[in-house]
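> Before I ask anything, let me first share the structure, which is written out below as C-alpha cells.
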Amino acid sequence: MTSTSKGADFDEAAELKALQKDAQTLARRLESLSKLKPGDAKAIDALEQALSGLPTGSDVGNAVDELRKRAQALLENARAQRAADSRSIESDFLRKQRESGETVRESGEGAWRVGPVEVQLDRERARARVLYNREAVSAWSPIGKAEDLSSLVSGAIKKLSEWAIPDEDMSEIFWAAYEHLRQTSKGGAGSATRVPLPEFYKEVRVVMTRHELRAGKPDRKLSRSEFPKWAFLHNLDRYRRLVINLPADHRLTLETGSQNDHQKGMSMIVNGLDAKDDYKSYCYVLANSGAAR
C-alpha cells in the first residue's frame with residue numbers, strides 16, 4: 001500500500017484514488033465468501049478456492065489499520081490544502097461578481113453581501129452557505145473553485161424568486177394577517193395598534209393556507225406547506241418596497257421596539273434586498289400612522 005504524501009506534492013484526487021484502489025483490493029479478498037451459492041453443486045469447490053485466498057484476521061486488521069491511518073492523513077492534508085486555497089477562491093469569486101456589476105460588500109469576518117444575499121464562508125473547512133437577512137437559505141457546501149460560490153449564490157436567488165408571493169396577493173395576505181391579530185389581541189377587539197413580528201409571521205402562514213384552500217378543493221395538496229423564515233423576510237422586504245403604492249388605509253409599517261423586546265428574541269432582520277443598504281432590526285408591525293419605518 002502507498003503512503004499519503006504531504007506538502008507541495010499533495011494531490012488530493014490521486015491520493016483518494018489510490019486509497020480507494022487499496023480498499024477495493026481488500027474488499028475483493030473478503031467478498032468471495034459472500035458470493036457462494038448454497039445448494040449449487042460447485043459451492044464446495046468454490047468454498048475451497050475462496051478459503052485459499054482468504055486473508056487471516058491479523059492481515060485484515062493490519063490492512064484496515066493502515067487504510068485508516070492513510071485516510072486520516074489524507075483528510076488532514078486535504079483540509080489544510082483547501083483552507084490555503086479558500087482565500088484565492090474567495091477573491092476570484094468577489095472579483096467576478098464586481099466585474100459583472102453586482103454590489104459586493106463585506107458584512108463580517110468571512111461574510112460578504114452580494115446583491116440580495118449574504119455569502120458566509122468557513123475558510124478552515126473550505127465551505128460556504130448563503131443567507132438572506134441572516135437566515136440560511138442554503139446548507140453548508142464544500143467549495144473547490146469560484147464557480148462553486150457562484151452556483152450557490154444563483155441557486156439561493158432562484159429559491160428566493162420561487163418563494164416570492166405575487167404582489168397583488170401579498171398586500172391582501174399581509175393586511176388580513178395584521179387585521180386578524182389586531183382584532184383578536186388580549187386587550188380586546190381592535191385595541192392593538194401593533195403586533196409582534198413573530199406572531200405576524202405565523203398568521204401570514206395561516207392566511208396563505210386559507211387563501212390557497214379557498215381556491216380549490218379542501219383536500220388539495222398545499223403548494224406551500226412550508227414557509228421558511230428567510231422566505232417570509234424576503235417577502236416582507238418586497239412588501240416594504242410595494243407599500244408606497246397601496247391605499248393609505250391599507251399600509252403596514254414596522255416598528256423597532258424596545259431593548260427589552262430585542263432581548264426577548266422578538267426582533268427580525270430586514271432590508272436585505274440590496275447589499276448597499278444596512279440591515280435593520282424590527283419587532284412589530286402596525287398600520288401606517290407616521291411610525292418609524
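> Considering only segment 82-101, state which residues are surrounded by fewer than 18 Cβ atoms within 10 Å (Cβ to Cβ) and either touching a residue at least 40 places away in the same chain (Cβ under 8 Å) or not in a loop (DSSP other than H, G, I, E, B) (or both).
Within segment 82-101, ALA83, ALA84, ASP85, ARG87, SER88, SER91, ASP92, ARG95, LYS96, ARG98, GLU99 meet the criteria.
> Are any of the residues in segment 35-43 among the acidic types (Asp, Glu), touching a residue at least 12 places away in the same chain (Cβ under 8 Å) and in the same structural domain as ASP85 (by TED's automatic domain parsing)?
Scanning segment 35-43 turns up no residue that is among the acidic types (Asp, Glu), touching a residue at least 12 places away in the same chain (Cβ under 8 Å) and in the same structural domain as ASP85 (by TED's automatic domain parsing).
> Would you confirm whether any residue within segment 13-29 is in contact with a Lys or Arg (Cβ under 6 Å, 6 or more places away or on another chain) and either within 17 Å of LEU149 (Cβ to Cβ) or surrounded by 15 or more Cβ atoms within 10 Å (Cβ to Cβ) (or both)?
Looking through segment 13-29, at least one residue is in contact with a Lys or Arg (Cβ under 6 Å, 6 or more places away or on another chain) and either within 17 Å of LEU149 (Cβ to Cβ) or surrounded by 15 or more Cβ atoms within 10 Å (Cβ to Cβ) (or both).
> Another one. So how many residues does segment 149-162 have that are of a type outside the set (Ser, Thr, Tyr) and surrounded by fewer than 17 Cβ atoms within 10 Å (Cβ to Cβ)?
3
> Ok, one more. Any residue at all in segment 48-64 that's free of Cβ contacts under 8 Å to residues at least 12 places away in the same chain, surrounded by 13 or more Cβ atoms within 10 Å (Cβ to Cβ), hydrophobic (A, V, I, L, M, F, W, C) and outside any loop (DSSP other than H, G, I, E, B)?
No, because not a single residue in segment 48-64 is free of Cβ contacts under 8 Å to residues at least 12 places away in the same chain, surrounded by 13 or more Cβ atoms within 10 Å (Cβ to Cβ), hydrophobic (A, V, I, L, M, F, W, C) and outside any loop (DSSP other than H, G, I, E, B).
> For segment 184-194, state whether one or more residues are farther than 30 Å from ALA83 by Cβ, at pLDDT 90 or above, of a type in the set (A, V, I, L, M) and assigned by TED's automatic domain parsing to the domain that holds SER281.
Within segment 184-194, not a single residue is farther than 30 Å from ALA83 by Cβ, at pLDDT 90 or above, of a type in the set (A, V, I, L, M) and assigned by TED's automatic domain parsing to the domain that holds SER281.
> Sort through GLU168, GLU147, GLU162 and tell me the only one that's of a type in the set (Asp, Glu), more than 24 Å from SER281 (Cα to Cα) and at pLDDT below 90.
None of the other options fit; the residue is GLU168.
> Follow-up question, since we're still on this one. Which of the residues that make up segment 102-111 are more than 16 Å from the chain's Cα centre (by Cα), surrounded by 14 or more Cβ atoms within 10 Å (Cβ to Cβ) and assigned to a strand (DSSP E or B)?
Scanning segment 102-111 gives VAL104, ARG105, SER107.
> Quick check: is even one residue across segment 208-219 farther than 20 Å from LYS159 by Cα and of a type in the set (Gly, Ala, Ser)?
Within segment 208-219 (the criterion being farther than 20 Å from LYS159 by Cα and of a type in the set (Gly, Ala, Ser)), the answer is yes, since at least one residue qualifies.
The values are calculated or read from the model by the stated rules, or taken from the named source; none is laboratory data. Only a predicted model underlies this, so the values are computations on that prediction, with no experimental measurement involved. Positions of Cβ are generated from backbone atoms using ideal geometry, with glycine treated the same way; all protein chains shown enter the neighbour counts.
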